[in-house]
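Presented below is the structure to which this report refers.
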Amino acid sequence: MVLSYFTKKMKYKNKKYIPLDNFINEALYKSKFGFYMKKNPIGKNGDFITAPNISILFSEMIAIWIVSFWEKLNYPKNINIIELGGGNGEMIYRMGLSFKNFPSFRKACNLFIYEKSPLLKKIQMKRLKEFNIKWINNLDYKLKGPKIFLANEFFDSLPIKQFLKKNDIWFERYVDISTKDKFKFKEIKSNIEKLEKKIGVKISKNQKFIEYSPLCFKYLKKISKQILNEKGGLLIIDYGYLNDKMINTLQSVKNHKKSNVLSNFGNSDITYNLNFKLIEKLIHSLRLQKQGITTQRNFLIKLGIMKRAEIISKNLPFSKKTDIYFRLKRLIDINDMGELFKVMLITNKKTKFQIGF
Ligand SMILES: C[S@@+](CC[C@H](N)C(=O)[O-])C[C@H]1O[C@@H](n2cnc3c(N)ncnc32)[C@H](O)[C@@H]1O
């Protein structure tokens with residue numbers, strides 16, 4: 001049934017192979033089949049869970065970090081906070097509650113969500129009724145005043161391309177959509193120099209394998225235009241690694257378990273780990289700078305998550321206390337999200353803000 005999906009689409013008529021990013025895009029975001037289009041995938045009953053849904057402490061720390069940034073920017077009267085990919089709305093919801101403790105910030109701040117999935121947008125609208133939030137449909141949207149873009153597990157959900165080098169020749173990974181029984185990978189010769197010219201970054205230097213998201217590059221370019229001459233920045237919190245050498249990190253997750261990337265079309269999440277060195281290369285070419293990069297563990301501890309856990313668990317019964325610390329452990333443990341997730345702040349070259357790093 002799913003294999004016939006491609007044959008039914010005009011766009012794919014007579015096509016035997018499609019690039020990997022094209023395949024992922026169809027599997028996650030297209031028509032009624034798309035993983036993100038038909039159900040809420042986040043949470044216990046979904047396929048995966050994200051930090052804001054593990055513990056409210058996560059969103060509280062992000063809220064505190066934003067207020068500190070605003071103070072550092074000298075309390076501008078207007079500040080725009082834009083969440084990229086709002087999921088079930090949990091992060092903005094908790095942040096909105098935290099902002100109530102900072103009335104002058106609350107007055108100055110405008111909240112926005114950039115969301116692709118109509119279903120998740122609906123869920124967000126329902127959850128966030130009590131806050132004044134605007135949904136935007138593109139990242140060229142003109143906003144007055146400083147802007148802080150927040151991307152928690154956003155970039156890892158964008159489709160990627162993969163390339164591999166064999167005997168000094170680069171091949172791009174495609175998916176064979178013509179077979180009757182199952183999808184298969186297919187490698188096709190590729191002109192990497194032409195691609196590098198197009199994207200403006202030498203991605204193949206010292207590599208045998210390349211993994212990159214064209215959409216991530218496109219969005220970073222758009223965001224760079226928004227922050228190049230404006231205060232603010234982009235905070236990325238995501239699965240990722242810091243080595244120069246790129247590796248194959250493509251994975252698929254169904255019901256909180258790893259599954260095969262080419263099976264379960266539309267029914268499993270397909271993600272990858274960001275190579276933060278590659279992101280750095282791109283932001284340099286865009287005349288931006290990295291303020292800092294650290295692990296989620298360090299970031300949250302520096303922002304005071306331990307103290308906050310102590311405060312909210314005071315006077316609570318033992319079972320509630322245990323629950324708070326169990327969730328906190330998932331966020332900061334070195335064998336869990338604490339090390340797997342990295343946090344990076346990107347700004348223009350005039351800005352200086354090091355809190356959390
Ligand atoms: C893994 S979820 C993370 C959700 C949320 N940030 C959290 O931490 O719970 C990825 C989110 O990004 C959205 N998304 C993915 N690709 C997008 C795109 N190209 N434009 C806008 N939103 C997108 C998804 O629909 C989903 O809401």
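All of (1) more than 14 Å from the ligand (Cβ to nearest atom); (2) over 17 Å from the mean Cα position of the chain (by Cα) hold for Pro118 with one exception: (1). Looking for whichever is at negative phi, within 16 Å of the ligand (Cβ to nearest atom), without any contact (Cβ under 8 Å) to a residue 60 or more places away in the chain and in contact with a strand residue (DSSP E or B) (Cβ under 7 Å, 6 or more places away or on another chain) here; the options are Ser204, Ser252. Which one fits? Answer to the selection: Ser252. Note on the range 159-178: among residues that are in contact with a Lys or Arg (Cβ under 9 Å, 6 or more places away or on another chain) and part of a loop (DSSP other than H, G, I, E, B), the one that is surrounded by the most Cβ atoms within 10 Å (Cβ to Cβ) is Ile177. Taking the range 99-128 as the search range and keeping residues that are out of contact with any Phe, Trp or Tyr (no Cβ under 7 Å at 6 or more places or on another chain) and more than 26 Å from Pro76 (Cα to Cα), which one is surrounded by the most Cβ atoms within 10 Å (Cβ to Cβ)? The extreme case among them is Gln124. Here no strands (runs of 3 or more DSSP E) wholly within the range 191-265 include at least 3 residues being over 16 Å from the mean Cα position of the chain (by Cα) and crowded, with 21+ Cβ neighbours inside 10 Å. Here Glu83 passes the criteria (1) out of contact with any helix residue (DSSP H, G or I) (no Cβ under 7 Å at 6 or more places or on another chain); (2) among the acidic types (Asp, Glu); (3) touching a residue at least 40 places away in the same chain (Cβ under 8 Å) except the one numbered (1).
Please indicate, with yes or no, whether at least one residue in the range 342-355 is at pLDDT 95 or above and farther than 23 Å from Glu230 by Cβ. Scanning the range 342-355, I find at least one residue that is at pLDDT 95 or above and farther than 23 Å from Glu230 by Cβ, so the answer is yes. The residue of the range 276-306 that is surrounded by the most Cβ atoms within 10 Å (Cβ to Cβ), among those that are outside any strand (DSSP E or B) and of a type in the set (Val, Ile, Thr), is Ile279.
Of Asp168, Asp244, all but one fail to be away from the ligand (no atom under 16 Å from the Cβ), touching a helix residue (DSSP H, G or I) at 6+ places or on another chain (Cβ under 7 Å) and free of Cβ contacts under 8 Å to residues at least 40 places away in the same chain; the exception is Asp244. Of everything in the range 266-275 that is in a strand (DSSP E or B) and not aliphatic (A, V, I, L, M), the residue that is nearest to Val201 (Cα to Cα) is Asn275. Of note, Phe131 does not satisfy the criterion of being buried (at least 19 other Cβ atoms within 10 Å of the Cβ), in contact (Cβ under 8 Å) with a residue 24 or more places away in the chain and either more than 9 Å from the ligand (Cβ to nearest atom) or assigned to a helix (DSSP H, G or I) (or both). Starting from the range 45-65, keep only residues that are farther than 10 Å from Arg327 by Cα and free of Cβ contacts under 8 Å to residues at least 60 places away in the same chain, then list their pairs with residues that are basic (Lys, Arg) and more than 9 Å from the ligand (Cβ to nearest atom) whose Cβ atoms are within a distance under 8 Å, requiring at least 6 positions of separation or different chains. Final answer for the pair search is Gly46/Lys39; Ser59/Arg94; Ala63/Arg94. Screening the range 1-86 for helices (runs of 4 or more DSSP H) wholly inside it with 1 or more residues that are modelled with pLDDT of 85 or more and within 15 Å of the ligand (Cβ to nearest atom) returns the ranges 20-29, 35-38, 51-54, 56-72. Restricting attention to the range 134-149, the residues that are surrounded by fewer than 16 Cβ atoms within 10 Å (Cβ to Cβ), touching a helix residue (DSSP H, G or I) at 6+ places or on another chain (Cβ under 7 Å) and under 25 Å from Phe353 (Cα atoms) total 1. Residues that are surrounded by fewer than 23 Cβ atoms within 10 Å (Cβ to Cβ) and under 16 Å from Leu150 (Cβ atoms) within the range 66-78 comprise Ile66, Val67, Ser68, Trp70, Leu73, listed in sequence order. Scanning the range 44-76 for residues that are within 18 Å of the chain's Cα centre (by Cα) and among the acidic types (Asp, Glu) yields a count of 1.
The residue that is modelled with the lowest pLDDT, counting only those in the range 134-151 that are within 14 Å of the ligand (Cβ to nearest atom) and out of contact with any Gly (no Cβ under 8 Å at 6 or more places or on another chain), is Tyr141. Annotation note: of Ser117, Ser213, Ser178, the sole residue that is of a type outside the set (Asp, Glu), at pLDDT below 95 and within 30 Å of Ser55 (Cβ to Cβ) is Ser117.
The values are calculated or read from the model by the stated rules, or taken from the named source; none is laboratory data. The model shown is predicted, which means the values in this text are computed figures rather than measured ones. With ideal geometry, Cβ positions are generated from the backbone for all residues, glycine too; neighbour counts draw on all protein chains shown.
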